[in-house]
Amino acid sequence: MRIWEGVAAAVAGGAVVITLVGVSLSLAASPPSQLSATVRGSAPTPAGTLPHAFLTLATYPDSLAGEHGSNGGPHPDWVSYGPTTNLEVPAHALLTITIDQYDTGGTIYNSFFAGVHGTLGGTETINGKTVTGISPDNVAHTFTLHMFPANQPSLFISVPLPAVSASAPNLANGYPKPNVVTFSFITAGPGRYVWNCEYPCGTQYRGFGGPMSTQGYMAGTLTVG
């Protein structure tokens, strides 16, 4: 079974299909500014010693801290990733992504996305603790990376981001102390991929519309080059 077919079977129910359609349509718009991974040395991996690249992102309960400016742009109340959703990483490298997760959450529709999939070792670290998944009742967002159904290397990565308590006090930046999530995976050859959140924190289409399917908010691209 090819990886795309396996993912489709695992997420039967249509949520990821709806999001994929929305993301595909949103990519027709002008892309936001690009964030390029920083390579710092090399690291041993199951594929040999590879360049080690790093990206740092954040998830917010609004759009006031990312690429839309301090006024939040056209949708200041939309949840968002920052500092941008247009990512560029090197090919044939170990990529480590750190996400500061500032948002609250709830129960995810499909518990598949409460697990970790496709990362090195099948794990992520949350506030320094290594896990293979989180409770489906405590999900804020996910980072779910997948390929277009096209002729390029297969890639599917999905990690859950645990929610911050709704009662947590805000820090000086206006947000609570984040949950810090880190995970790694190996990039293949050049390709262009889409990524999105699979926790329904948007508007129409059972929560998968609006920010969920709009580049610059809860959806974006990852270019491997």
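Condition check ((1) free of Cβ contacts under 8 Å to residues at least 24 places away in the same chain; (2) under 22 Å from Asn179 (Cβ atoms); (3) small (Gly, Ala, Ser)) across all residues:
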{"site": "Ala53", "(1), (2), (3)": "no, no, yes"}
{"site": "Leu64", "(1), (2), (3)": "no, yes, no"}
{"site": "Thr96", "(1), (2), (3)": "no, yes, no"}
{"site": "Gly105", "(1), (2), (3)": "no, yes, yes"}
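For the condition modelled with pLDDT of 95 or more and within 22 Å of Pro51 (Cβ to Cβ), what is the one hit in Thr144, Thr104, Thr132, Thr119? So that I can check it myself, show each step before the final result.
Working: Thr144 fails: within 22 Å of Pro51 (Cβ to Cβ); Thr104 fails: within 22 Å of Pro51 (Cβ to Cβ); Thr132 fails: within 22 Å of Pro51 (Cβ to Cβ).
Step by step, each of Thr144, Thr104, Thr132, Thr119 is checked, and only Thr119 is modelled with pLDDT of 95 or more and within 22 Å of Pro51 (Cβ to Cβ).
Restricting attention to region 178-207, which residues are touching a Gly at 6+ places or on another chain (Cβ under 8 Å) and open to solvent by less than 10 Å² (accessible area, probe 1.4 Å)?
Phe185, Val194, Trp195, Asn196
Of the numbered conditions (1) within 17 Å of the chain's Cα centre (by Cα); (2) in a strand (DSSP E or B), Ile108 satisfies every one except a single condition; which is it?
(2)
With the structure loaded, tell me whether Asn138 is out of contact with any Phe, Trp or Tyr (no Cβ under 6 Å at 6 or more places or on another chain) and under 21 Å from Met218 (Cβ atoms) or whether it fails that test.
Values: out of contact with any Phe, Trp or Tyr (no Cβ under 6 Å at 6 or more places or on another chain): yes; under 21 Å from Met218 (Cβ atoms): yes.
So Asn138 fits the description; yes.
The values are calculated or read from the model by the stated rules, or taken from the named source; none is laboratory data. It should be emphasised that the depicted structure is a prediction, and the values quoted were computed from it without experimental measurement. When we count neighbours, we look across all protein chains shown, and the Cβ atoms used for this are built from the backbone with ideal geometry, even at glycine. For accessibility, only protein heavy atoms count, side chains too; no ligands or nucleic acids. Shrake-Rupley method; radii C 1.70, N 1.55, O 1.52, S 1.80 Å.
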